[in-house]
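Single-structure report; data block below.
Since every read-out is calculated from the coordinates, none of them should be taken as a lab result. Remember, it's a predicted structure, so these values are computed and weren't measured experimentally. Positions of Cβ are generated from backbone atoms using ideal geometry, with glycine treated the same way; all protein chains shown enter the neighbour counts.
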Amino acid sequence: DTAVSQTPKYLVTQMGNDKSIKCEQNLGHDTMYWYKQDSKKFLKIMFSYNNKELIINETVPNRFSPKSPDKAHLNLHINSLELGDSAVYFCASSQDLGWVSDTEAFFGQGTRLTVV
Amino acid sequence: RKEVEQDPGPFNVPEGATVAFNCTYSNSASQSFFWYRQDCRKEPKLLMSVYSSGNEDGRFTAQLNRASQYISLLIRDSKLSDSATYLCVVTPLIDNYGQNFVFGPGTRLSVLP
């Protein structure tokens, strides 16, 4: 029943490894996002997809590659993990109504990534 | 200058107090405005949308001043369960297509017994 679900919830891995985080939403939304929340708790957008098309790609290292096989899924693959990648990663979705405002974003429970 | 700025906090208030949070944003083309709440080690959740006319939901009142690019949240009769981080969120339209939810740094509230 979870609207936005992401897995895994916790991920501990060594530097240099490659890992993926999966996200799925069952809300029928057009737009999905990945956010990173660092140790200072600041939530910053990384990527946004609308109907499988990349809309926002903030200044994120190339080691981060999002993949959207369909509009209900947005996965995040991270290559060559670094210590600085340790953070909580949140997936979110919203209904894109174009110029119409007031569409909220729903968030997954987050994936706490620790790189050791 | 950050796109969205908030009171640095934390705010420590006794139960029953009234507390006000302030937020300013820099992008005048912003379309939608929200207050989100984030509990410790949880995901952000919508508290309320913010409309130009001001809106109220129980003990919570939100105000928007587009001219000043200022948003506020007032919590009356605060409860222990109100303890959380309050996030101001603004959505600038991206080339008339899609939206981006820009978060402020958050203000932490602790309501004390």
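Please work out, to two decimal places, the log10 of the ratio I(q)/I(0) at q = 0.12, 0.13, 0.19 Å⁻¹ from a Debye calculation in which every Cα of chain B carries one identical scatterer.
Reported log10 I(q)/I(0), two decimals: -0.39, -0.46, -0.95.
State the extension gain, in nm to one decimal, for the chain segment bounded by A:THR59 and A:ASN79, taking 0.36 nm per residue of separation less the distance between their alpha-carbons.
Between A:THR59 and A:ASN79, full extension yields 5.6 nm more.
State the extension gain, in nm to one decimal, for the chain segment bounded by B:ALA67 and B:ASN22, taking 0.36 nm per residue of separation less the distance between their alpha-carbons.
On the way: separation 45, 0.36 × 45 = 16.20 nm, distance 1.51 nm.
Going from the current span to full extension adds 14.7 nm.
Roughly what % of Cα-Cα distances in the range B:1-44 sit above 11 Å, to the whole percent? Show your work: numbers first, answer last.
Details: 736 of 946 pairs.
Cα-Cα pairs of the range B:1-44 separated by over 11 Å account for 78 percent.
Can you find, among A:MET46, A:VAL115, A:TYR10, the residue farthest towards the positive end of the dipole of chain A? Put +1 on the C-beta of Lys and Arg, -1 on that of Asp and Glu.
A:VAL115
Which cysteines in chain B lack any other cysteine whose Cβ sits under 4.7 Å from their own Cβ?
So far as the 4.7 Å Cβ criterion goes, B:CYS40 stand without a partner in chain B.
Within 10 Å of each Cβ in A:103-112, how many Cβ atoms from other chains are there, averaged over the peptide?
On the way: counts 7, 10, 10, 4, 8, 1, 3, 4, 0, 1.
That works out to 5 on average.
Averaged over peptide B:42-51, how many Cβ atoms belonging to another chain are found within 10 Å of each residue's Cβ?
4
Quick one: which residues, 5 or more positions from A:THR114 or on another chain, have an amide H under 5 Å from its amide H? H modelled 1.01 Å from N in the peptide plane, none for Pro or chain starts.
Amide H to amide H, under 5 Å and 5 or more residues apart or across chains, A:THR114 pairs with A:LEU11, A:VAL12, A:THR13.
Nothing charged except the Cβ atoms of Lys and Arg (+1) and of Asp and Glu (-1): what's the magnitude of the dipole of the range B:24-113 about its Cα centre? Round to the nearest 20 debye.
220
Compute from the Cα atoms of the protein assembly as shown the Rg and the Dmax, the latter being the longest Cα-Cα distance, and quote both in angstrom.
17.7, 52
Only Lys, Arg, Asp and Glu count, each charged at its Cβ (+1, +1, -1, -1), so figure out the dipole size of chain A about its Cα centre, rounded to 20 debye.
With Lys and Arg at +1 and Asp and Glu at -1, about 420 debye.
Among A:SER80, A:GLY28, A:PRO69, flag the residue with its Cα farthest along the positive direction of the charge dipole of chain A, charges on Cβ as +1 for Lys/Arg and -1 for Asp/Glu.
Result: A:SER80, furthest along the dipole toward the positive end.
How about the range A:23-97: which GluC sites (Glu not before Pro) there are in a DSSP loop, with at most 10 other Cβ atoms within 10 Å of their Cβ?
none
With only Lys, Arg, Asp and Glu charged, each at its Cβ (+1 for the first two, -1 for the last two), find how big the charge dipole of the protein assembly as shown is about the Cα centre; round to the nearest 20 debye. The partial results should precede the final answer.
Working: 23 positive and 24 negative charges, 110 e Å.
That gives the protein assembly as shown a dipole magnitude of about 520 debye.
Can you list which of the trypsin sites (Lys or Arg not before Pro) found in the range B:26-74 are DSSP loop residues with at most 10 other C-beta atoms within 10 Å?
Sites meeting the loop and neighbour criteria: B:ARG41.
Give me the Debye-computed log₁₀ of I(q)/I(0) at q = 0.12, 0.21 Å⁻¹ for the range A:1-90, equal point scatterers on Cα only, no solvent, two decimals.
-0.35, -1.08
Based on the mean of other Cβ atoms within 10 Å per residue, sort peptides B:72-83, A:31-42 so the most packed one is first. Intermediate results must be reported in sequence, preceding the final value.
On the way: B:72-83: 15.8, A:31-42: 19.4.
Top of the packing list down: A:31-42, B:72-83.
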